[in-house]
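In what follows, a single structure is set out as structure tokens and then discussed.
The values are calculated or read from the model by the stated rules, or taken from the named source; none is laboratory data. The shown structure was predicted, so the numbers you read here are calculated from the model rather than taken from an experiment. Counting neighbours? That spans all protein chains shown, and the Cβs are built from the backbone with ideal geometry, glycine included. To get the accessible areas, we keep the full protein, side chains included, count just its heavy atoms, and leave off ligands, DNA and RNA. Shrake-Rupley method; radii C 1.70, N 1.55, O 1.52, S 1.80 Å.
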Amino acid sequence: MKNSQLRRGLLRLTAIVFTGIAIGSLIKPHVMAEGLGYSLDNVDALNEFRAVYVGLWLATAVLLVIAANRVQEALLGDLCAILVLGQVAGRAVSVLLDGMPSERVLTMLALEAIGGLALLLVRPSEVKEAT
């Protein structure tokens with residue numbers, strides 16, 4: 001499907017989700033971590049949690065915004081989709097190696113898979129070739 005406005009909207013929505021997770025993790029790391037089964041019981045654990053859930057997620061949100069603002073450059077949005085689908089791949093490996101996670105985590109897996117695939121399937125109406 002070719003629709004630049006829809007793809008731009010998907011990229012922006014995904015950026016908002018990542019930003020929300022990052023802000024929640026910055027302000028209330030223990031609450032966010034507990035919801036995922038983490039225990040942040042020392043400075044190293046907090047540091048690692050914030051590295052991913054604040055730093056990496058904010059960086060991902062910035063990339064998503066850049067891709068939304070340059071939606072005609074399809075590769076940018078595709079790279080963002082790969083980041084999201086990388087989470088899906090990691091979760092799938094965990095299901096195979098570690099067993100079935102909680103319903104909450106399965107819901108996140110499903111939403112990430114739908115979002116990542118939608119980003120790949122909805123193509124920009126006009127594509128600017130990479131130079």
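Identify, please: which residue in region 116-131 is without any contact (Cβ under 8 Å) to a residue 40 or more places away in the chain and either part of a helix (DSSP H, G or I) or at positive phi (or both) and is, among those, most open to solvent (accessible area, probe 1.4 Å)? Give the derivation first.
We begin by selecting, within region 116-131, every residue without any contact (Cβ under 8 Å) to a residue 40 or more places away in the chain; these are 116-117, 129, 131.
Subset that is either part of a helix (DSSP H, G or I) or at positive phi (or both): 116-117.
Working: Gly116: 0, Leu117: 90 Å².
Step by step, filter region 116-131, then rank; the result is Leu117.
Would you confirm, using the coordinates I've provided, whether Ala113 is surrounded by 13 or more Cβ atoms within 10 Å (Cβ to Cβ) and closer than 16 Å to Leu6 by Cβ? Even if it seems obvious, please write down each step before you answer.
Working: surrounded by 13 or more Cβ atoms within 10 Å (Cβ to Cβ): yes; closer than 16 Å to Leu6 by Cβ: no.
Spelling it out, it is not the case that Ala113 is surrounded by 13 or more Cβ atoms within 10 Å (Cβ to Cβ) and closer than 16 Å to Leu6 by Cβ.
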